[in-house]
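Heads up, the thing below is written out as structure tokens.
The values are calculated or read from the model by the stated rules, or taken from the named source; none is laboratory data. This is a predicted model, so every value here is computed, not measured. Note: ideal-geometry Cβ built from the backbone for every residue, glycine included; neighbour counts use all protein chains shown. What goes into the accessible areas is simple: the full protein's heavy atoms, side chains included, and nothing from ligands, DNA or RNA. Shrake-Rupley method; radii C 1.70, N 1.55, O 1.52, S 1.80 Å.
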Amino acid sequence: MLLEATGLDKQFNGVYALKQMGLSLKAGEIHGLVGENGAGKSTLIKILGGVYGADSGEICWEGKPLSGRLEAAQSRALGIRILYQENMLVPAFSGVENIWLGRPYPTKNGRILWDVMRQEAETKAAELGIEVNLQAPVMELRPPQKKCVEILRAILGECRLLILDEPTASLSDRETAMLFDVMKRLAAKGTAILYVSHRLEEVLSLTHRITVLRNGETAAVLDTKDATKELLIGHMSGMLTRQPEREPKRQEEGGRNTAKETCRREARPLEVRALSSRDGIVKNVSLTAPAGQITGIFGLCGSGRTELLECIYGCRRIKSGEVVLNGRGIKKSSPSKAVENGMAFICEDRRGKALINGGSLFDNMVLASIGRFSRRGRFLTGEAAAAAEKMQEFLKIKCMGLSQPVEELSGGNQQKAVFARALLTEPSVWLCDEPTQAVDVASRKEIHRLLQAEAKKGCAVVFVSSDLTEILEIADEVAVMAAGTIVARLKNSRLSPKEVLALCYGTEEGRKAV
Amino acid sequence: MRGRSLKNYGTIAAFFAILAVFGCLRPASFLTMKNFLNLTRQMAPLALVALGATFVMTINEFDLSVGSSVSLGGVLAALLSIRGVPVAACFLAAVAACLLVGWVNGFLVARFKILSFITTLGLGTVLDGVIYGLTGGTTVFNGIPKAFTLPGSLRIAGIPFITLAAAGLYLAAYAFMGHTPAGRRLYAVGGNVEAARIAGIRIFSCRLLAFSLCAAVAGLAGALVASRVGSANTTAGQGYFLQAYAAVFIGCTVSKSGVPCVGGTLIGAAVLAVLANGLTILLIPSFLQNILTGGIIILAVIVQKIGAKE
């Protein structure tokens, strides 16, 4: 065994995050780590990275027990590398310098040899088939490209154990496949890989063994060849009989018609006419998102899906074209106008653009409705708190109270807080960009249900995801985006992933990928 | 709901400890009503400038021109009073002029997205030049009418008017930051600009508001100082600038999440004022006073950082 942890305990404020938890990793194996919200995955990772010390328990490395707390420096020295969910890059530094960060730069007479650094970084990148401009500041890169830079950094030095926390959250299928390739190659060279993901299909297809966590305890350790999705979900939830995660879609055509009668809010379809962004990323997009249905937008990374939503919402400059809400064109759009017009935007970058990290759950939930909870210049804290509390119960946000700092919540609960914020504004149009990114299976399902319910109420829901299965699971119609424009619009009935992918690659890759 | 931890009360405890030490050492002169009222009067201008800085620091920006605004407020009010303008109008004009300065600061920061450090440093330097031009570099005192010194010396039921004015503004600011939508928005912008923008908050107006309020309050403080001492110095504000930020930083240690808050700033200003007052009563030389005060500021922030790790 490369690493063997036994009896790990860790408490926060008297609550167990890990309880007698055990984990064993062999050199050269890809090991999946799955579990619901707050099951202890992040805590375990941080203990292995030396961020937290375990309260008790033992960690053995190559059979030898490590004495005392595993410190961050020691963890690095052992060759443990961690890719956290959120990127850990210096935005203004180039890819090359970010890759070298934390290692001594090559120098000659005290002068940095940039060429040597660049060559080494580029060689590594080429080895793994990563095509990213490493000379540009990383703040100019897109999320998946940043992930690639982080992977390069992790494997540049000696890497014995690579831990990846939700690495494919914002990656398209093609990039995911590339990443898996990289991981398999690394594992073949003897590196152990601990792969943490909510995407069970990926875990099942990639790993050799899987550890399932539940409430901080090891619920099961399985050989992947014996595991199925249902089995994993059963172990994660503690109910082996729980229904499979993916329900057949389009079950209730009749139900939808009756739903129209109970429609509470004014139906306000969203229409986009020949929209182009000033920076030229979005090109001449026309799209209608009818009220009462979920319009999925699928596209590979860089296809302009995020940018399209940003244009609609008013946080990206528009060169030409028009956004029409309920037959009324919106002039000079801005996020504040969008909110007034009943739009809600769930953005891809939860930590950077959605949450106030120092703020409490309450602050974050009422952020978009401060005006709504004010009368005659007074902010009605009591009224806002009552509404927030109701929302917290409605969405089942697990927390110690509304005053808990939002950063202490798990990813799924953070995302629910973002949804609570949107719900409090009572939107009629939802723009969701990767809304289930880095969210556990149960929360993901709840988010899907919520959006379906919102659609039933008569909202127009636009749902962007790089997870094709997810789109096919919940969208009524699928718009396929490629190279900044919408290349096809399909009814989601017996649509196969292959057809959709064919359309994506059709324009970009000459169909060779299909 | 979770309560505040001990670290939040550390600063307050330290404040009372300082009071106790001075009280024990010089009970006859320190622990008197007269000294207390005197202290609040001395402290009021600093407290006001610090209050202004709190607005700007709440949205995560800096206003380096706040000292210049203090000077401008004093000089303008004094010069106008010499020309026979009624006292109330002098004060109003000084505050209005400074409000405009703040508005320009906010506009430059919001419109051109320049770092507030740079913008306000630039505008502050411009202001210093303007003030120098107005005064010729001298202290304005010749011909200041008696009426002008009234707000600075007036006592209502024995309490200095300056103290009352500062107390009133603190109450207003407390209500504003905690209980009005505009105040909540300022906190949101400070928490995460991008998140606030996406949530539909108009960042532009928040910035204008914070900078305008900051400079206006600083201008008022300047005018009050001029009224109290009966003269306006070209560089009167420089002394307040760093002290005000020190007060805000000490105040941050009082709030739960380490963000600026009105109550905290008041405590910060009180700590600094009591130190200055007590050390003077103890006849400690001023160079030692500086060393002690600086040390205490750093200590307060270290204590908070250590507390935050728990």
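Quick notes on this structure:
- Semi-axes of the equivalent ellipsoid of region A:250-513 are 30, 20, 19 Å, computed as sqrt(5λ) over the eigenvalues of the C-alpha gyration tensor in descending order.
- Chain A - percent of accessible surface contributed by carbon and sulfur, probe 1.4 Å: 50 percent
- Averaged over its residues, region A:3-237 has an accessible area of 42 Å² per residue, based on protein heavy atoms and a 1.4 Å probe.
- Protein-protein interface of region A:387-407, residues with accessible area decrease of at least 30 Å², isolated chain reference, 1.4 Å probe: A:M400, A:S403
- Chain-alone versus full-assembly comparison, region A:348-379, residues with accessible loss of at least 30 Å² (1.4 Å probe): A:K353, A:I356, A:L367, A:I370, A:G377, A:F379
- Only protein atoms count toward the accessible area here, which uses a 1.4 Å probe; on region B:151-220, the carbon and sulfur part of that area reaches 72 percent.
- Ignoring aspartates and glutamates fewer than eight residues from A:K41 along the same chain, the ones with Cα atoms less than 12 angstrom from its Cα are A:D165, A:E166, A:E217, A:D440.
- Value of Rg to Rh for region A:3-237 (Rh from inverse mean 1/r over Cα pairs, i.e. Kirkwood): 0.98
- Dividing the summed helix terms, -39500 (n - 2.57) for each DSSP H run of n ≥ 4, by the number of residues in chain A produces a 222 nm estimate of -10000 deg cm²/dmol to the nearest 500.
- Protection-proxy order for peptides B:63-70, A:275-282, each taking the mean of Cβ atoms within 10 Å per residue, highest first: B:63-70, A:275-282
- Mean residue ellipticity (222 nm) of chain B, computed from DSSP H runs ≥ 4 via -39,500 (n - 2.57), nearest 500: -26000 deg cm²/dmol
- Both chains summed, the buried accessible area for A and B stands near 2100 Å², from protein heavy atoms and a 1.4 Å probe.
- Shielded residues, region B:168-185 - accessible-area loss of 50 Å² or more between chain alone and all protein chains, probe 1.4 Å: B:H179, B:P181, B:R184
- Alpha carbon centroid spacing (whole Å) that separates region A:441-511 from region A:277-300: 11 Å
- Once the 1.4 Å probe is applied to the protein heavy atoms, region B:190-302 comes out at 35 Å² accessible per residue.
- When the Cα gyration tensor is reduced to axis lengths a ≥ b ≥ c, the ratio a/c is 1.5 or higher for region A:372-440, and with a/b not above b/c it is classed as oblate.
- Estimated dipole of region A:250-513 in Debye, rounded to 20 [Cβ of Lys and Arg +1, of Asp and Glu -1, Cα centre]: 740 debye
- Sequence-ordered 3J(HN,Hα) estimates for region B:267-281 from the Karplus curve with 6.51, -1.76 and 1.60 and θ = phi - 60° stand at 4, x, 5, 5, 4, 5, 5, 5, 4, 4, 5, x, 5, 5, 4 Hz, glycine and proline given as x.
- Cα-derived Rg to Rh of the protein assembly as shown, Kirkwood definition: 1.02
- As a ratio to 2.2 N^0.38 Å, the alpha-carbon radius of gyration for chain B is 1.00.
- Per residue accessible area in Å² of region B:1-153, where ligands, DNA and RNA are left out and the probe is 1.4 Å: 48 Å²
- Checking the cross-link pairs A:K189/A:K498; A:K146/A:K353; A:K229/A:K390; A:K396/A:K445 against a 23 Å limit on the alpha carbon distance flags A:K189/A:K498; A:K229/A:K390 as lying beyond it.
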